[in-house]
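So that we are looking at the same thing, I have put the structure below in structure tokens.
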Amino acid sequence: MAKKRRRVSSEPEETYEFVPPEFDEREFLLKDQYGTKVLMITALLAVIVGFVSSSLYKTFGLWQIGIILIFLIIIGFKQFFTLLRFRVDLMDNKMMFGNYILFFFLSLGVWIIFLNPPFA
């Protein structure tokens, strides 16, 4: 005959207590304020660069100049914000990547709008 299995009627309970991490409200607010300011400056700069790129395209007929200008400004973003006295260490890579993408597509969109007949 087969042996009967012993069933344990009571399992030892785990004693786990959730301890929330320390939350620095001041740092959170500073990051949020910096993120908003950087986003606004990025959007304004993208509109300006889009207008300049469309003007360069109308003048010289080379679209490569505008693309190179956009990428050069994206490369120099951190130095630009350092010159504006922003604390770059508060901006994480995810936030800056979002700003790069926003700048690229917004400047291309403004460039296209200024090439079309109502503005051309």
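The values are calculated or read from the model by the stated rules, or taken from the named source; none is laboratory data. Everything numeric here is computed off the predicted structure, so don't read it as measured data. Reconstructed Cβ throughout: ideal geometry from the backbone, glycine too, with neighbour counts over all protein chains shown. Ligands, DNA and RNA are stripped out before the accessible areas are found, and what is left, the full protein with its side chains, is counted by its heavy atoms. Shrake-Rupley method; radii C 1.70, N 1.55, O 1.52, S 1.80 Å.
Mind checking which residues of segment 109-120 are surrounded by fewer than 16 Cβ atoms within 10 Å (Cβ to Cβ) and either β-branched (V, I, T) or modelled with pLDDT of 95 or more (or both)?
G109, I112, I113
Within segment 76-108, which residues are β-branched (V, I, T) and at pLDDT below 95?
First, the residues of segment 76-108 that are β-branched (V, I, T): 82, 88, 101.
Correct list: T82, V88.
A further question follows. I'd like to know if segment 63-82 contains one or more residues that are basic (K, R) and either farther than 15 Å from F114 by Cβ or surrounded by 15 or more Cβ atoms within 10 Å (Cβ to Cβ) (or both). Steps first, answer last, please.
Of segment 63-82, the ones basic (K, R) are 78.
Adding the requirement that they be either farther than 15 Å from F114 by Cβ or surrounded by 15 or more Cβ atoms within 10 Å (Cβ to Cβ) (or both) leaves 78.
Within segment 63-82, one or more residues are basic (K, R) and either farther than 15 Å from F114 by Cβ or surrounded by 15 or more Cβ atoms within 10 Å (Cβ to Cβ) (or both).
Restricting attention to segment 11-32, report how many residues are open to solvent by 100 Å² or more (accessible area, probe 1.4 Å) and in a helix (DSSP H, G or I). Break it down stepwise before answering.
Narrowing segment 11-32 to residues open to solvent by 100 Å² or more (accessible area, probe 1.4 Å): 11-19, 21-23, 25-26, 28.
Those still in the list that are in a helix (DSSP H, G or I) too: 25-26, 28.
Total meeting the criteria: 3.
Right, something else. Looking at segment 56-71, is at least one residue assigned to a helix (DSSP H, G or I) and at pLDDT below 90? Write out each step before concluding.
Taking segment 56-71 and keeping what is assigned to a helix (DSSP H, G or I), we get 56-60, 63-71.
Then drop every residue that is not at pLDDT below 90, which leaves none.
There is no residue in segment 56-71 that is assigned to a helix (DSSP H, G or I) and at pLDDT below 90.
Among the residues of segment 83-94, write down those that are part of a helix (DSSP H, G or I) and open to solvent by less than 70 Å² (accessible area, probe 1.4 Å).
Within segment 83-94, the first condition is being part of a helix (DSSP H, G or I), and the residues that meet it are 83, 88-90, 93-94.
Listed by number, the residues that qualify are V88, L90.
Return yes or no: is F97 without any contact (Cβ under 8 Å) to a residue 40 or more places away in the chain, under 26 Å from F28 (Cβ atoms) and not in a loop (DSSP other than H, G, I, E, B)? Talk me through it step by step, then tell me what you get.
Values: without any contact (Cβ under 8 Å) to a residue 40 or more places away in the chain: yes; under 26 Å from F28 (Cβ atoms): yes; not in a loop (DSSP other than H, G, I, E, B): yes.
Here the answer is yes, as F97 does meet what is asked.
Something else: Being under 30 Å from F28 (Cβ atoms) and not in a helix (DSSP H, G or I) is the requirement here; does F80 meet it? Give the derivation first.
On the way: under 30 Å from F28 (Cβ atoms): yes; not in a helix (DSSP H, G or I): no.
Taking the combined requirement at face value, the residue does not satisfy it.
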